[in-house]
Number of protein chains: 6
Amino acid sequence: MFPSKKVQNLVGSKIQVEMKGEKCVLEGLLMSADDYLNLHLTNTTEVVDGQKSRVLGSVVLRGNNIILLNPVND
Amino acid sequence: MFPSKKVQNLVGSKIQVEMKGEKCVLEGLLMSADDYLNLHLTNTTEVVDGQKSRVLGSVVLRGNNIILLNPVND
Amino acid sequence: MFPSKKVQNLVGSKIQVEMKGEKCVLEGLLMSADDYLNLHLTNTTEVVDGQKSRVLGSVVLRGNNIILLNPVND
Amino acid sequence: MFPSKKVQNLVGSKIQVEMKGEKCVLEGLLMSADDYLNLHLTNTTEVVDGQKSRVLGSVVLRGNNIILLNPVND
Amino acid sequence: MFPSKKVQNLVGSKIQVEMKGEKCVLEGLLMSADDYLNLHLTNTTEVVDGQKSRVLGSVVLRGNNIILLNPVND
Amino acid sequence: MFPSKKVQNLVGSKIQVEMKGEKCVLEGLLMSADDYLNLHLTNTTEVVDGQKSRVLGSVVLRGNNIILLNPVND
């Protein structure tokens, strides 16, 4: 399964995303993703050292600035 | 709804944009956006620690340098 | 009007450009721009803290390293 | 053998990946890779100074943020 | 004249190039350039604070990591 | 000769590569290169201040994170 297909399979799930130039990790519900890995998340929060620090709500992330993403198991 | 469509839906709304290599966040009225997430904003201001710091007016943002963007509710 | 069209409309005008990895802002006369936002400026100067610091003359800027650009009103 | 073919040949093997903006190296089992070098790894761990520091499990890495990757011989 | 055409016109001339992640500027004779602004320079030297610091000879520069380039008048 | 052709001509030769986000330079035997300047090197070592510091062996480098490369004369 190709990486972008793996991401498509995570739509509807909670994911963590590490962005370039961010010290924190973003956590949110993956609403959609395209082939460039641009992502739409809802219920997004910043997580610093394992603590939720800032509520961002609905955000769009630019794919080329994603370092890595992985599913979160609550 | 794909991420770029989500951004198109924000045209006419006030958004916040976090750029790579910027410590501040930009806030402005989204006039247009293309598939690369290049954005045209008007009434743009820099926001540092929640305070408006500098008025930029009409700006064009290069999509690949956008970390994230989200709608602002006044 | 799409962002790249907005930039085309600035050809012949004085603009400010914030580049990635630059602490200063560049100011110059926009001679041409392509779809990638590669720019050709003339009479370019670096501006640090609102002061002109270094004269660069004719420069080509790589579009993907542009953070933002805006028109300058003298 | 082209670089992307070299990466395809590593599918099923354990690899190390150095990412932009990461101080650590990621180590995991390469499940899939596409032409952009987007990668899907499982059993991924962060390695800091040769020590495993954090378990990430299943992750997707954005290809353009990969500095280098190489096979790991256990 | 489009920016990439402007660069083509500099083939055979001495140019200065500011690269991302470099503190110095590179100076060399432009041998060739493609549409991505990948450059081949010969007689390349690093210039730090206006002083030649290191001789690099024949180098290839990746276009997307170029911040700006301009012609040098000896 | 275009920059990518120049790189093709270096296949089979020892090269030095400066990567983004790396303090060291990589030195290795160029096995292959594609149009994006993705590279496959063997016998790769990190070179810090002119000293070989770490043996990496066979590595794949992502082209967009290459700052510059040049041939090494032993």
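The values are calculated or read from the model by the stated rules, or taken from the named source; none is laboratory data. Everything numeric in this text was worked out from a predicted model, so none of it was measured. Every residue, glycine among them, receives a Cβ derived from its backbone with ideal geometry; neighbour counts consider all protein chains shown. Remember, those area values only see protein heavy atoms, side chains included, never the ligands or the DNA or RNA. Shrake-Rupley method; radii C 1.70, N 1.55, O 1.52, S 1.80 Å.
For this structure, a couple of remarks:
- Within region E:2-19, restricting attention to residues that are part of a loop (DSSP other than H, G, I, E, B) and in contact with a strand residue (DSSP E or B) (Cβ under 6 Å, 6 or more places away or on another chain), the residue that is farthest from E:Gly57 (Cα to Cα) is E:Phe2.
- Selected residue (only one of E:Leu30, E:Leu41 is among the hydrophobic types (A, V, I, L, M, F, W, C) and within 25 Å of C:Leu29 (Cβ to Cβ)): E:Leu30
- Meets criteria (at pLDDT 95 or above and of a type in the set (D, E, K, R)) for B:Asp34: yes
- Across region C:21-39, the number of residues qualifying as more than 8 Å from the chain's Cα centre (by Cα) and under 18 Å from C:Val7 (Cα atoms) comes to 9.
- Checked against (1) within 23 Å of F:Asn64 (Cα to Cα); (2) assigned to a strand (DSSP E or B); (3) out of contact with any Lys or Arg (no Cβ under 9 Å at 6 or more places or on another chain); (4) of a type outside the set (Gly, Ala, Ser), D:Thr42 meets all criteria but (1).
- Taking region E:5-27 as the range and being small (Gly, Ala, Ser) and under 13 Å from E:Asn70 (Cβ atoms) as the test, only E:Ser13 passes.
- Selection of region F:37-74 for residues being aliphatic (A, V, I, L, M) and modelled with pLDDT under 90 yields only F:Val48.
- In region D:19-70, the residues that are small (Gly, Ala, Ser) and more than 10 Å from every other protein chain (Cβ to nearest Cβ): D:Gly28, D:Gly50, D:Ser53
- Filtered by the rule that a residue be open to solvent by 20 Å² or more (accessible area, probe 1.4 Å) and part of a strand (DSSP E or B), region D:62-73 gives a lone residue, D:Pro71.
- Members of region C:45-74 found to be closer than 16 Å to E:Ile66 by Cα and polar (S, T, N, Q), listed by number: C:Ser58, C:Asn64, C:Asn65
- Region B:9-61, subset in contact with a helix residue (DSSP H, G or I) (Cβ under 9 Å, 6 or more places away or on another chain) and either open to solvent by 20 Å² or more (accessible area, probe 1.4 Å) or without any contact (Cβ under 8 Å) to a residue 12 or more places away in the chain (or both), residue nearest to C:Tyr36 (Cα to Cα): B:Tyr36
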